[in-house]
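Here's the structure, in structure tokens; my notes come after.
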Amino acid sequence: MKNRFWLALATTALLLIQAQAIFAQQAAPAIQSAATGGIAGVLKDPSGAVIAGAHVELRSATGNFHQSQVSNYQGSFSFTALPAGSYQLAVSAPGFASRVVGPLVVLSGAELPANLSLKIAPAASTVQVEGQETGSIAASAFKVNPEGAAESHNMADLLAEVPGVSLHANGELASIPFLHGLGDERTKIVTDGMTISSACPNHMNPTLSYVAPAQASQVTVLAGITPVSLGGDSLGGTISVESPMPIFGERGQVREDGSFTGFYRSNGSNWGGSLREWIANKHFGLGYTGAFTTSEDYTDGAGNKITSTAAQSTDHVVTLAGQSGRNLFLATGSLHHIPFEGFVNAYMDLTHNNASSLNLRYRRTLNAGSLDARFYWQNTFHMMDFLPDKVSLSVAAGYGTPSMPMNTHGRDLGYSVRYESALATRHTLRLGNELHHFRLDDWWSPVAGAAPMMGPGTFLNINNGRRSRLGSYAELFSKWTPRWSTLLGVRNDTVWSNTDDVQGYCTAPYMGMACPYTTDAATFNAQNHAYTDVNFDLTALARYDANAHASFEFGYARKNRSPNLYERYAWSTDMMAASMIGWFGDGNMYIGNVALKPETGNVVSGTLQLHGLSPKPWELKLTAHVNSIQNYIDVNVMMPASMGMTPLLQFANHGARIFGSDLSGFQTLWRGDRIGTGKLSGTLAYVHGTRTDSDTPLYQMMPLNLRLAFDEEVKGLTAGIGSEVVDRKSRLDPNRLELATPGYTLFNVHAAYRSKYMQGGFRIDNLLNSLYELPLGGNNLDKYDYVTGMMTPVTGRGRSASLNLTATF
């Protein structure tokens, strides 16, 4: 009750703070003329120093004009020969908060001055993307400050404050983001155009685990209504992570940029750092990014050690770039190594994960558009086994072995080609084609002395599994009037999946003992494994800019996702084998279902955005969404739970419905050269999921939650206080052993300062050292009672102080 009171009070405050006249001022009409003018300006930091090498992008309000350039050594930029009309200017630079300015009205024969000052960025700063690329004001995008030192490797942590996003704890290195209640492979995650599948039966190596925060430049989140050009094979939406675009030198000059970052977090002795270096002339560039992090087990608010939460990771990324005229070439190679990572909500730990990748990109700017082509490959070797925390648990469970190696080998191969062109003055057409092929081998080596349960042969869990997806799309963005715009798109994704025959640890009785795998293997091998799914997606979105203060957006999307290889092809009903399958953190046993149908979601969503004039002194955004899902992949209970044993569940299609809303906003409280800028911001999210055929709750639905923050920025110094309020979780999936969690309130304080060559930050999370249980953290299997079957939720990190320091050169 106490947490609900605070939620209600804070929500009321967010709404009342915007009690002012919204529709008083009408937007100025755009000026249309065949004559030309210009926009020019100088970029400076808060101290007055010029900013060289900033990326400056100019787009027309009609969407048919797009140019970009880099500010020179004097911080200046200039766009000439512009048709008279209305434009939007977007500016970004490493270490500074991105800024979007507009509308800028260019008159015939005149040059419009646009001198801008960029603010120092904290660890991550937010800038809303409105309409041109995604066609959606509901999209959220933010620039990651590479020098701004996230406190850990966990890339997903940067998404925690984005409206509509909740995080499922999945090891120290990469939580799994959920968009409007749909996560893991129901959400499409793309890193520099690459689609990477999880090569693990417990999804211990999700896509974001391969991305260090130092490697990222911009993250875009699209929940619900997703343009078909950025979607495909997903239900929840799309998360796109992009590395920094290359910045080349002026003619006859060599440009060199670099930074070194170090960080330390007290709770769990988490420390690490990153090194970035870039050197380029006018036509060629070479860059390197390296990152390292290591951590021990953390403690919760009561001082209890949460075992199996230690981790270590190393990343190396090398980029080659070239430009000539309108052509840009990029080649990126990376090596990723995790020697160990504990998983408190899984029966196994990660004991080895090596991945190497190659990403090639070609982009050509055309007279009225662009052509963008990518090709990528990734090779992943992954191993699960027991880290020391779990060895004693293995003995207690009756396995009687300190080791149970399980290996996977995943290969991702793909390409994407995208063509964009302006049609007349109102329309932008996007056409694309993409291929993603994933091949997986999952085998478990025999354990000496453990036959027939774990020997004498090799267990083939997924044998030469293949999943290929070929997608094509067409999308039309139209600016009908200065106020009305639409986005229409259709795409087809054909998905082929198959696997070879399997076998258990034994194929016949062993030394007089029956083999527990022969019947399941024979049944599976007798079935047809080859399936072809033909899926069609549709997006229809409309936006109305009522005036300078208000915008409305509403739309419909049909989206599809085909089953992954484990959902279709995990085959053994043996207790030990089935308990090794499952990326949900609940400790249950799972088997696949070759007859699964693709999931189909029908999403209806609307967004209202209210804001002050530029620079926006305030903003309020409300999104409501409903998703009706056919053939939602849930479970059937094949064998109920019994004393000391979790239930055996089989993946199966059911009906589902998810609805909810996101509320976000900010209010600038004061602004001045002496007193700086004070801002209050917050997000409120609610999601409700139900399995319609049984009228029971869906698994892993985040309770009502609120985030509030107050920040003050003055002359390079940023400081503030924040809070997170989460309601109790009482709607529980009856089939998954989902446990209730009480509500909680957490507080944090933070401060950062930046000078020309140095940046430092300090933060204290969970300031009051509260003891709380993670609503999406799953069950603590290190504390699982194998006799009674009792489980407890995973508790969150206690009070923790973090330091980070960055030097640029």
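The values are calculated or read from the model by the stated rules, or taken from the named source; none is laboratory data. Since the structure is predicted, the reported quantities are computational estimates derived from the model, not experimental observations. A quick note on method: Cβ atoms are made from the backbone with ideal geometry, for glycine too, and the neighbour counts reach across all protein chains shown. Accessible surface areas use protein heavy atoms only, side chains included; no ligands, DNA or RNA. Shrake-Rupley method; radii C 1.70, N 1.55, O 1.52, S 1.80 Å.
Selection within region 745-763: residues that are without any contact (Cβ under 8 Å) to a residue 40 or more places away in the chain and surrounded by fewer than 18 Cβ atoms within 10 Å (Cβ to Cβ). The member of this set that is nearest to Lys305 (Cα to Cα) is Phe747.
Out of curiosity, is Glu712 among the charged types (D, E, K, R), in a loop (DSSP other than H, G, I, E, B) and crowded, with 17+ Cβ neighbours inside 10 Å? No: the conditions fail for Glu712. Just one of (1) among the aliphatic types (A, V, I, L, M); (2) surrounded by fewer than 18 Cβ atoms within 10 Å (Cβ to Cβ); (3) within 25 Å of Thr523 (Cα to Cα); (4) in contact with a Gly (Cβ under 6 Å, 6 or more places away or on another chain) fails for Ala570. It is (2).
Here are some residues: Ala302, Ala346, Ala373. Which one is within 24 Å of the chain's Cα centre (by Cα) and either modelled with pLDDT under 95 or under 26 Å from Gly778 (Cβ atoms) (or both)? Give the steps one after another, and end with the answer.
Working: Ala302 fails: within 24 Å of the chain's Cα centre (by Cα); Ala373 fails: either modelled with pLDDT under 95 or under 26 Å from Gly778 (Cβ atoms) (or both).
Result: Ala346 is the single residue among Ala302, Ala346, Ala373 that is within 24 Å of the chain's Cα centre (by Cα) and either modelled with pLDDT under 95 or under 26 Å from Gly778 (Cβ atoms) (or both).
Can you say whether Asn281 is within 26 Å of Ala807 (Cβ to Cβ), buried (at least 16 other Cβ atoms within 10 Å of the Cβ), polar (S, T, N, Q) and out of contact with any Pro (no Cβ under 6 Å at 6 or more places or on another chain), as far as the supplied structure shows? No; evaluated as a whole, the condition is false for this residue.
Every listed requirement among (1) among the β-branched types (Val, Ile, Thr); (2) open to solvent by less than 10 Å² (accessible area, probe 1.4 Å); (3) within 23 Å of Thr623 (Cα to Cα) is met by Thr220 save one, (2).
Conditions tested, residue by residue: (1) of a type in the set (D, E, K, R); (2) touching a residue at least 12 places away in the same chain (Cβ under 8 Å); (3) more than 20 Å from Tyr531 (Cα to Cα).
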{"residue": "Arg439", "(1), (2), (3)": "yes, yes, no"}
{"residue": "Thr481", "(1), (2), (3)": "no, no, yes"}
{"residue": "Ser497", "(1), (2), (3)": "no, yes, no"}
{"residue": "Asp501", "(1), (2), (3)": "yes, yes, no"}
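Inspect region 317-337 for any residue being in contact (Cβ under 8 Å) with a residue 24 or more places away in the chain, open to solvent by 20 Å² or more (accessible area, probe 1.4 Å) and under 30 Å from Gly778 (Cα atoms) and give the result as yes or no.
Quick first cut of region 317-337, residues in contact (Cβ under 8 Å) with a residue 24 or more places away in the chain only: 317-324, 326-334, 336-337.
Those left that are additionally open to solvent by 20 Å² or more (accessible area, probe 1.4 Å): 318-320, 323-324, 326-334, 337.
Still in the list and also under 30 Å from Gly778 (Cα atoms): 337.
Within region 317-337, one or more residues are in contact (Cβ under 8 Å) with a residue 24 or more places away in the chain, open to solvent by 20 Å² or more (accessible area, probe 1.4 Å) and under 30 Å from Gly778 (Cα atoms).
Do you know which residues across region 199-213 are open to solvent by 10 Å² or more (accessible area, probe 1.4 Å) and not in a loop (DSSP other than H, G, I, E, B)? The answer is Thr207, Tyr210, Pro213. Would it be correct to say that Ser562 is closer than 30 Å to Val490 by Cβ, surrounded by 23 or more Cβ atoms within 10 Å (Cβ to Cβ) and touching a residue at least 40 places away in the same chain (Cβ under 8 Å)? Judged against the criteria, Ser562 is a match. Filtering region 231-241 to residues that are aliphatic (A, V, I, L, M) and outside any loop (DSSP other than H, G, I, E, B) leaves Ile239, Val241.
Per the listing Thr518, Thr539, the residue uniquely open to solvent by less than 60 Å² (accessible area, probe 1.4 Å), free of Cβ contacts under 8 Å to residues at least 24 places away in the same chain and either farther than 30 Å from Ser468 by Cβ or in contact with a strand residue (DSSP E or B) (Cβ under 7 Å, 6 or more places away or on another chain) (or both) is Thr518. Among the residues making up region 249-284, those that are more than 27 Å from the chain's Cα centre (by Cα) and under 29 Å from Ala752 (Cβ atoms) are Arg255, Glu256, Asp257, Ile279, Ala280.
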